[in-house]
Amino acid sequence: AEHHFSPYGTFADPFVLAAAVAQVTSNIHIGTAVTIPAFMNPIRLAERVAMVDVLSGGRFYFGVGRGYQQKEFKKFGISMDESRERFIEAVDVAEALLSNESYSWEGKYSKGEDISLYPRAVQNPVPIYVAVLRTAATIDWVVERGYNAMMGNPYIPDPELRRSLDLLREAHVKADK
């Protein structure tokens, strides 16, 4: 998981670790769990995804999360109040850049005209996994977009996991998926 300014999580850049793992393995799938798109320009984000996918021969899973540590947002100079909007915009743009030969957009936090990524990712689409737990609107968005959901805390048992799974089921019913 991507974390900054503390020993918790230990990886400021999960893409570096993923690229290193890709070089010493040949069969396993490699993924980030998670990167925080709100902290990064979406062009650079998509370039990193494409590069790790190429280095792994198409074995990369792109795991993202909204971020939740106030201290990290503050030190990056980003308001936590913007976290959801920044997250969604960055994921939308990165996915579009990875899926299209060329892409233009004008968002609230970023813009680009006729952007093409090189090298191109091996996979099209690159599988996207989203860490979700308690926010119904984000879970609804994950289901609507057809992304994979990552739930739970790998460090401690989470008593709220049942509620998260209920929200995921409800989102699938609403989306009729």
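The values are calculated or read from the model by the stated rules, or taken from the named source; none is laboratory data. Note that this is a predicted model, so its numbers are computed, not measured. Here the Cβ is made from the backbone with ideal geometry for all residues, glycine too, and neighbour counts use every protein chain on show. Please note that ligands, DNA and RNA were not included when accessible areas were found on the heavy atoms of the full protein model with its side chains. Shrake-Rupley method; radii C 1.70, N 1.55, O 1.52, S 1.80 Å.
Run the simple label-point estimate for K111 and S26 please: 7 Å along Cα→C-beta, distance reported in nm.
Result for the modelled spin labels: 4.9 nm.
Rg(Cα) of the stretch 53-102 divided by 2.2 N^0.38 Å?
Normalised by 2.2 N^0.38 Å, the Cα Rg of the stretch 53-102 equals 1.43.
Where does the Debye-calculated log10 I(q)/I(0) of the chain sit at q = 0.14 Å⁻¹, using only Cα point scatterers of equal weight, no solvent?
-0.79
Show that you can apply the helix-only estimate: for the chain, add -39,500 (n - 2.57) for every DSSP H stretch of four or more residues, divide by all residues, and state [θ] at 222 nm to the nearest 500.
For the chain, the value works out to -13000 deg cm²/dmol.
What number, in percent, do you get for the relative contact order of the stretch 54-121 if the mean sequence gap of Cα pairs under 8 Å and at least 6 apart is divided by its residue count?
Once normalised by length, the contact order is 26 percent.
Taking 0.36 nm per intervening residue step and subtracting the Cα-Cα distance, what contour gain separates V16 from E144 on full extension?
Gain on extension, V16 to E144, equals 43.0 nm.
What percent do you get for the relative contact order of the chain when only Cα pairs under 8 Å and 6+ apart count?
So the answer I get is 19 percent.
How much accessible area per residue does the chain have, in Å², with a 1.4 Å probe?
54 Å²
Quick one: putting +1 on the C-beta of Lys and Arg, -1 on the C-beta of Asp and Glu, what dipole do you get for the stretch 12-114 around its Cα centre, in Debye to the nearest 20?
500 debye
When you have a sec, figure out the Kirkwood radius of the stretch 98-172 from all distinct Cα pair distances and drop it here in Å to one decimal?
So the Kirkwood estimate lands at 14.8 Å.
When the accessible area of the chain is computed with all protein chains present and a 1.4 Å probe, what percentage of it is carbon and sulfur? Please report the intermediate quantities before stating the final value.
Details: 5130 of 9520 Å².
C and S atoms contribute 54 percent here.
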